[in-house]
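The values are calculated or read from the model by the stated rules, or taken from the named source; none is laboratory data. Here the structure is a predicted model, which means the values were calculated and not measured. Quick reminder, even Gly has a Cβ in these numbers, built from the backbone with ideal geometry, and neighbours come from all protein chains shown. For the accessible areas, the whole protein counts, side chains as well, though only heavy atoms, and no ligand, DNA or RNA atoms are used. Shrake-Rupley method; radii C 1.70, N 1.55, O 1.52, S 1.80 Å.
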Amino acid sequence: MYLPNFEYFQPDSIEETCQLLSQFGSKAKLFAGGTDVIIKMKKELLSPEILVSIEKIDQLKKIEYVPGKGVVIGSGVTHNDLVYSELLHEKYLSISEAARQMANNQVRNLGTVGGNIGSAVPSADLPPILIALGATVKITGVKGDRTMDLEDVFIGPGKTVLAQDEIITEVVIPDQKMTGSNYIKFGLRASGALAVVGVAAAVQVENNAIKEARIVLGAVSPTPVRAKKAEEFLKDKKISDELLAGAGVIASGECVPITDIRASAEYRKDMVRVFTRRALRKAIDEGHA
Amino acid sequence: MSEKHSYVGKNLQRTDVLDKVTGRGKFTADLKFSNMLYGKLIYSTHAHARILNIDTSEAEKLPGIKAIITAKDVPSIRYGLSPARYDENIFCIDTVKFYGDKIGAVCAIDEDTVYEALKLIKVEYEALPAVFTPAEAAAEGAPQIFEEYPRNLNTEIHQHFGDCDKAQEEAYYVRTDRFQGQRTIHGVIEPHCTIAYWEGKRVIVHAAHQSVHYLQHHLARILGMKEGDIRVITPYVGGGFGGKLDVSGLDISAIILSKITGQPVKMAYDLEEVWLNGRGRHGMDMEYTTGVTKEGKILFVKNEIVIDGGAYTGLGIASAYYAGALLTVLYNFDNYKFDAYRYVTNLPPCGAQRGHGQPHPRYAFESHLDHIAEDLGIDPIEIRIINARKSGDVTPNGYELKSYFLKEANELARDASGWKDKKGKMAKGRGIGVGNGGFVSGAGFCQYRTDLPHSIAMIKVYDDGSHAIVYTNAVDIGQGSDTVLRQMAAEGMGYPYDDISIVSHDTDLATLDFGAYASRQTLMAGWAVKRAGEDVKRKILEMAAEMIKVKEDGGYRSGKLMPEELDCREGIVFMKQEPAVKITFAEVARAYFVKNGLLIGRGYYHPGKLGGQHKGAAVGTSPAYSSATQVSEVTVDEETGMVKVLNTWDVHDSGVAINPNLLHGQVHGAFAMGIGETLWEKVMFDEKGKLLNGNYAEYRLPTALDMPPVHSMILDTFEPNGPYGAKEVGEGATTPTLGCVANAVYDATGARVSSLPLTPEKVWRAMKEKREREEK
């Protein structure tokens, strides 16, 4: 496999990044960790003439708590930054754990949060848990910023609402009323395997009942998808094994998986059933672990 | 020196360890030569097509391009392993036979230019109908890939011993099972690479290869050269596992391109090309019918195997024979019917892979045997013990087992794993399984017809006796042969291990050996270096006998000594009766040098005539057979079908372990490959025969996190046909794993998955179907 020639820009600021992306239009591609872009270039699935790297923009590499806003994760934060973040260990271990299950150490050292979202790969591991926690994203372009719910960013495999000049700059996890959250990735080997099914659940538990739940399914639809009927089914119900199993059955009807070399659609649907129940149980029993 | 051996049986430091852990060691791809060019092969993008035109004109215009060659520029000779199946050309003539078949080669001043050129080469094809399975290949009216293989049947084997039909009438119980093994690939760390350059009429070839001799031999035939005009050198090799034993397109192309350009040419595969050209394990459909007595004694086995060979034969002819050959080594029965059909298909050709042809049949038979045991109410280990062969047995297909301790291996694995407390008593979703295996310790015959010895070694001692060098063309591909051969040479000589270095795998510098395949280096090259060491020792003792003066008042003896009265250990020559009477090896060696010139030792090994007279009797012959038992414990997630291997016990009957740590390393590595092939690995193609998963994300080798603790144990056995009593471990240790893990999964679920790999989805489906059957 051969990496074709390209020009490489390494701007110092977000503003300059957006300007370069705007200036070069479709010839340019944003470059963060490169774990997706470089492979696609080698396979000739992408042929950008210009790569615009965010590597030098330090403000994108922070994970911090901003009172009144929530946990703010810069888009240039790597997966291993999430894995080792003390702030996340304290507030949302579930995000760290989701990151820890991704790919392998080499990829986790390079791959970024912004890239995991922006590549819009249906099996990406971070979007389900982030959406379950109600994350919003800040998107910056030459004309300024906009903020939207993360779940509205995805349009289809490899497609997002981002314009050519726009980049994701931060992901915000708002302060929660959810009492627990969890993401289960089901891959076909202990490490270095893409999710065949990924299920994230967040729950607000009060008096042994579910006040509210969010269930997000990965790798089983063109985009990460909310299992809204299952969420609705759980609302204001006493917690029981039967209840969670029921939610699993409903969730498995809320996805449209494909059959590919990793698994059949039939199997994926059944795994959504299994892992929805398990993710809910973990979120109920173990908080944001 | 009360111990029997000074170096044999010791965990001495690996010869290559510092080079490899520091990264200082050079592999072929690390080598650079002045004016070196870079080359790549041109690959077919059709599974089966007629080549109408190859237009290289645009590519030739690129600055930096040095040469582009296709079939018209090279000899049209066909090659392969056995003359009856020479079916491969240097480059495709007229038709391409698989997606990735080699059409030509390009070289240029750098890699960038080569890749650019590849894009500019236009090949026009007329697509032909293709076949991707043996069933498609065998079908009425199927497209013919080769004229000489009617209905694409490339190899047909019928080996019948005893009278199966009569035994079937007498059997208490007869059962038939069918299983499927998938295509896998070796997963070598180092992709294949070759560098060639010419010095006058001779060509120097540096190649990542398992046998410098076979590469030299086959290249000489293909290129119409004398063997002596081809020097083959292998630097460090990053794993072979059978995938670096065939001559590759890289080897031939690099030589031809270097001839044309007058410059060194480096050719290498990238990872995906390793899948296309690396010649991994065949896919097999296997049917076994076995009859037993009430007590579980096997009376006969009928075995039919249909093999997907891919586009060419190469080593695949041997794979087909091996698929059925070695069953008779494990289990004692007289009536055996082995029928095999290897078809050519329009997929990448298959060849040798660790355990050569045997792991799939082992998976199938070990699973089949568990079903028979279950039906008869016999414990799985008990039925294996009842049927295990013993030392001194001769199999119906003509193999003689000098030392063979499969029964003891089963007993130790049973006891070490706590089998009796676990089998049938485990919690839901947990299971325990057993599998047997083993392998030849070197093939009884050369790859081609010859009367050459199988291994030759030489030891040269420095003039002052301070250092010695072992010369052998045994190839250390990571298994550690350089280390164990130094150990055996040192032992044979009675000379310090640390003062012996080794020169290996260079046809100019070292001495004939057929290389690293069929688990042969320890036994065969071991004999040669041991004998070379003993030859040095003999010369030293003769010289020492002249030099040592025994004092008159010694009490025990006076006057001149005879050589037989002396021995040499660890660099000291001493009188056996009175060890205080001694002289250093170095002193004696120097005196020898002054008197006679160079002190060298020579060693020779030929296994002699082995095997029976039937067609194909040569495959599977060996001077010694290892045996092995593995027991594994697994959990199966009953909702997802995900298997986790918790623990495994491996007992190997490999004779005397020359270096026990290296043996355990082989067992760990073999187990990793084995569980990979059992649970995750499968080479996949789309409906047009294009490779789908030529990468380690979608071709799932096990990771460290997938590996259970491996308890590797060695039986205390001695092989009379092995140097210092040693036999093989490298390939044999892979062969029990597939059946062992599959049986553990069956034990955990009660549902048999009859095709490899046992993916979560297949296990899930098998459990689901079992539930549905039971609900009816």
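Per-residue surface analysis assigns A:D12 an accessible area of about 100 Å², computed on protein heavy atoms at 1.4 Å probe radius. Loop-located chymotrypsin sites (Phe, Trp or Tyr not before Pro) in the stretch B:645-749 (DSSP state other than H, G, I, E, B) with a sparse environment of at most 16 neighbouring Cβ atoms within 10 Å: B:Y696, B:F718. Which value in Å is the Kirkwood Rh of the stretch B:209-305 over different Cα pairs? It works out to 16.9 Å.
Rounded to the nearest 10 square angstrom, B:R78 shows an accessible area of 80 square angstrom against a 1.4 Å probe.
For the stretch B:598-604, just list the computed ³J(HN,Hα) in residue order, Karplus coefficients 6.51, -1.76 and 1.60, θ = phi - 60°, integers in Hz, with x standing in for Gly and Pro. So the Karplus estimates, Gly and Pro as x, are 3, 8, 10, x, 10, x, 9 Hz.
With 21 Å as the limit, the listed pairs A:K42/B:K690; B:K539/B:K582; B:K422/B:K776; B:K102/B:K266; B:K425/B:K644 have B:K422/B:K776 beyond it between alpha carbons.
Sequence-ordered 3J(HN,Hα) estimates for the stretch B:691-704 from the Karplus curve with 6.51, -1.76 and 1.60 and θ = phi - 60° stand at 4, 9, 10, x, 7, 7, 7, 9, 9, 8, 6, x, 9, 4 Hz, glycine and proline given as x. Translational diffusion coefficient, Stokes-Einstein: compute it for chain A using the Kirkwood radius over C-alpha pairs as Rh, at 4 °C and 1.567 mPa s, and state it as an integer in µm² s⁻¹. Stokes-Einstein gives a translational diffusion coefficient of 67 µm²/s. Which parts of the stretch B:657-671 would a label at B:D415 reach, counting a residue when its backbone N lies under 19 Å from a point 7 Å out along Cα-to-Cβ? From the stretch B:657-671, the list is empty. The residues of the stretch B:671-706 occluded by other protein chains by 10 Å² or more of accessible area, set against the chain on its own, are B:W680, B:M684, B:L692, B:N695, B:Y696, B:A697, B:E698, B:R700, B:L701, B:T703, B:L705, B:D706; surface from heavy atoms, 1.4 Å probe. Pairs of Cα atoms nearer than 8 Å and 6+ residues apart set the relative contact order; for the stretch B:623-764 it is 40 percent. For A:S252, the solvent-accessible surface computed with a 1.4 Å probe is close to 20 Å², ligands and nucleic acids excluded. With all protein chains kept in place, the per residue accessible area of the protein assembly as shown amounts to 38 square angstrom at a probe of 1.4 angstrom. The radius of gyration of the Cα set in chain B, together with its Dmax, comes out at 27.6, 98 angstrom.
Normalised by residue count, the stretch B:347-444 yields a Cα convex hull volume of 164 Å³ per residue. Shielding of peptide B:634-646 by partners, expressed as the average count of other chain Cβ atoms within 10 Å per residue Cβ, is 2. Shown for the stretch B:84-124: residues covered by the partner protein chains by 30 Å² or more of accessible area relative to the chain by itself (probe radius 1.4 Å), namely B:D112, B:Y115, B:K119. Remark: the stretch B:25-41, residue by residue, has Karplus-estimated 3J(HN,Hα) of x, 9, 9, 3, 5, 7, 7, 10, 10, 4, 6, 5, 9, 10, x, 9, 7 Hz, where x stands for each Gly or Pro and the curve is 6.51 cos²θ - 1.76 cosθ + 1.60 at θ = phi - 60°. In straight-distance terms, cross-link reach from B:K166 covers every one of the lysines whose alpha-carbon lies under 29 Å from its own, apart from those fewer than eight places away in the same chain; here that gives B:K294, B:K297, B:K302, B:K337, B:K390, B:K407, B:K615.
Taken about its Cα centre, the protein assembly as shown carries a charge dipole of about 500 debye when Lys and Arg each add +1 at the Cβ and Asp and Glu each add -1 at the Cβ. Computed over neighbours whose Cβ is under 12 Å from that of B:L509, the net charge equals 0, Lys and Arg +1, Asp and Glu -1. Comparing A:L46, A:Q10, A:Q23 along the charge dipole axis of the stretch A:7-53, the residue lying farthest to the positive side is A:L46, per the Cβ-charge model. Diffusion of the stretch A:7-53 by Stokes-Einstein, at 10 °C in a medium of 1.306 mPa s and with Rh set to the Kirkwood radius over alpha-carbon pairs, works out to 147 µm²/s. Each Lys and Arg Cβ is given +1 and each Asp and Glu Cβ -1; about its Cα centre, the stretch A:7-53 then shows a dipole of about 300 debye. D by Stokes-Einstein for the stretch B:92-142, Kirkwood Rh over Cα pairs, 20 °C, 1.002 mPa s: 156 µm²/s.
For chain B, what is the relative contact order in percent, using Cα pairs closer than 8 Å and at least 6 residues apart in sequence?
15
In this rough spin-label picture, where each label sits 7 Å from Cα along the Cβ direction, the B:T45-A:Q106 distance is 2.8 nm. For the stretch A:180-286, the equivalent ellipsoid built from the Cα gyration tensor has semi-axes of 24, 14, 10 Å, listed from largest to smallest. Per the accessible-area calculation with a 1.4 Å probe, the total area buried between chain B and chain A rounds to 2300 Å². Taking the Cα centre of chain A as reference, the dipole from Cβ charges on Lys and Arg (+1) and Asp and Glu (-1) amounts to some 780 debye. Only lysine pairs 8 or more places apart, or on different chains, with alpha-carbon atoms under 22 angstrom apart are counted in the stretch A:58-173, and they number 10. For the residue pairs A:K185/B:K26; B:K122/B:K244; B:K530/B:K560; B:K72/B:K609; B:K10/B:K460, alpha carbon separations beyond 32 Å are given by A:K185/B:K26; B:K72/B:K609. Find the centroid of the Cα atoms in the stretch B:705-754 and in the stretch B:52-120, then give the distance between the two in whole Å. With the stretch B:705-754 and the stretch B:52-120 each reduced to a Cα centre, they are spaced 43 Å.
Tell me the relative contact order for the stretch A:180-286 as a rounded percent, counting alpha carbon contacts under 8 Å between residues six or more apart.
Working: 228 pairs, mean separation 31.5, N = 107.
RCO, the stretch A:180-286: 29 percent.
For the stretch B:738-763, a drop of 10 Å² or more in accessible area on going from the chain alone to the assembled protein chains (1.4 Å probe) is found at B:P760, B:E761. Only one residue of B:T289, A:L217, A:N207 has its Cα farthest out toward the positive end of the dipole of the protein assembly as shown, where Lys and Arg carry +1 and Asp and Glu -1 on Cβ, and that residue is B:T289. For B:N647, the amide hydrogen comes within under 5 Å of the amide hydrogens of B:E633, counting only partners 5 or more places away or on other chains and with H modelled in the peptide plane. Each 5 Å bin, from zero up to the one with the longest distance, holds this percent of the alpha carbon pairs of the stretch B:444-602: 2, 10, 19, 19, 16, 12, 9, 7, 4, 2, 1, 0, 0. P(r) tail for the protein assembly as shown: Cα pairs beyond 44 Å make up 44% of the total. Between the alpha-carbon centres of the stretch B:431-470 and the stretch A:246-261 there is a gap of 56 Å.
Shown is the FRET efficiency for B:K32 and B:D334, computed with R0 = 51 Å from the Cβ-Cβ distance and rounded to the nearest 0.05: 0.30. Ranking B:K615, B:K576 by solvent-accessible area of protein heavy atoms (1.4 Å probe, all protein chains present), from largest to smallest, gives B:K615, B:K576. Rolling a 1.4 Å probe over the protein heavy atoms of the protein assembly as shown, with every protein chain left in place, gives an accessible area that is 51 percent carbon and sulfur.
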